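Bear in mind that the values in this text are calculations on the coordinates, not laboratory data. Predicted, not measured: the structure shown is a model, and the values here were computed from it. Counting neighbours? That spans all protein chains shown, and the Cβs are built from the backbone with ideal geometry, glycine included.
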Ligand code: SAH
């Protein structure tokens, strides 16, 4: 059984993009699974296939293999090997062990939280392989949880559930990150529990000192905890009361002071401006405002607005740490947005560091969807 794609589908795979959408699939098996992809008689790739999904073909290997499942699990092996040293060095740390397409493991995310693993598979063909995946992960952790509650699964025709694949899954795990520790709600948190992609950027905050810092879109305290080591006052802002409750617990766990404000960031920044407040450092880590290409224009304006407001709130020489996790807002557009925000605020922005997602979230240049996080540290002048 094989998948046949048209010329456009073939061009994508030949250029080493991993996806072929349904419109470019000529024929294929009736059931989801792992199959070879052909353009006429030419072998192109091995792929995870789901005829029910618009994202029908997700390639994971560009050479044939006798056992397609084994070949896919070898990619997992390679991904784990790349993290091995970090896990040995920091068993209490938090790392992404598998970054889906970035590790040639389409639709599979595996996150490690201080001895506990959370798996999230959003491509149909993984479902049958879960026992093998769990067996491979077992020696690395005390528990392995399938957190299969992502909406993307429904689009694939997969059931939604959260269930242990191995071991006793505690309600929470404790992760050491730089000089702070934080709790991860394994069963109920956002995504797989935390945002590991910003780990190194959060640790970067430990190098700064000052009077007042503001952490906007704080989730469970992430950046704020690190800032509280060096700033006299740190305020965490989020619209989720749940997230802020966690932020307060995390602050107590570290014996660090953290003020929390439950508010819509757009309104709150405007209020601070009206009140004439000023800060030495502001972090902006908004959710993906652009979910698709269609809402990019609206999203661009939203990013620009929060950045413009933050720039106005910063003291001369203050630091803006600004991020975007929308893949659709490219790096070029991200810096254009920051430039326009600075121009409108009549302030100059000097680049201190241009950064992105952590090393354990690898980027494939030929599959740009794997590059989503931009992070800029800027000095406001
Ligand atoms: N900085 C965090 C991750 C942030 S995730 C970390 O490093 O862990 C984005 C957060 O933005 C979520 O917690 C979400 O609840 C919050 N959020 C979304 N829309 C918001 C809004 N309009 N105002 C304030 N917070 C918002």
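Some values worked out for this structure:
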{"read-out": "Centre separation in Å (Cα based) which lies between the range 181-242 and the range 46-122", "value": "27 Å"}
{"read-out": "Distance in nm between pseudo-label sites at residue 288 and residue 266 (7 Å out along the Cβ direction from Cα)", "value": "2.0 nm"}
{"read-out": "Where labels lie 7 Å past Cα in the beta-carbon direction, separation of residue 190 and residue 331 in nm", "value": "2.4 nm"}
{"read-out": "Mean separation of Cα contacts under 8 Å, 6 or more apart, over the residue count of the chain: relative contact order %", "value": "11 percent"}
{"read-out": "Acute angle (nearest 10 degrees) that the helix 241-254 long axis makes with the longest principal axis of the chain, alpha-carbon atoms", "value": "70 degrees"}
{"read-out": "Most to least packed among 119-131, 347-359 [average Cβ atoms within 10 Å]", "value": "119-131, 347-359"}
{"read-out": "Gained length - residue 142 relative to residue 245, 0.36 nm times residue gap less alpha-carbon distance", "value": "34.4 nm"}
{"read-out": "Between helix 331-345 and the chain: long-axis angle, C-alpha atoms, 0 to 90°, nearest 10", "value": "20 degrees"}
{"read-out": "Neighbour-count order for 315, 304, fewest beta carbons within 10 angstrom listed first", "value": "315, 304"}
{"read-out": "Mean Cβ count within 10 Å, highest first, over the residues of peptides 78-89, 176-187, 328-339", "value": "176-187, 328-339, 78-89"}
{"read-out": "Where labels lie 7 Å past Cα in the beta-carbon direction, separation of residue 298 and residue 369 in nm", "value": "2.2 nm"}
{"read-out": "Zone residues, the range 302-345, relative to residue 259, backbone N less than 17 Å from point 7 Å out along Cα-to-Cβ", "value": "313-315"}
{"read-out": "The chain: antiparallel DSSP beta bridges as a percent of all, rounded to 5", "value": "70 percent"}
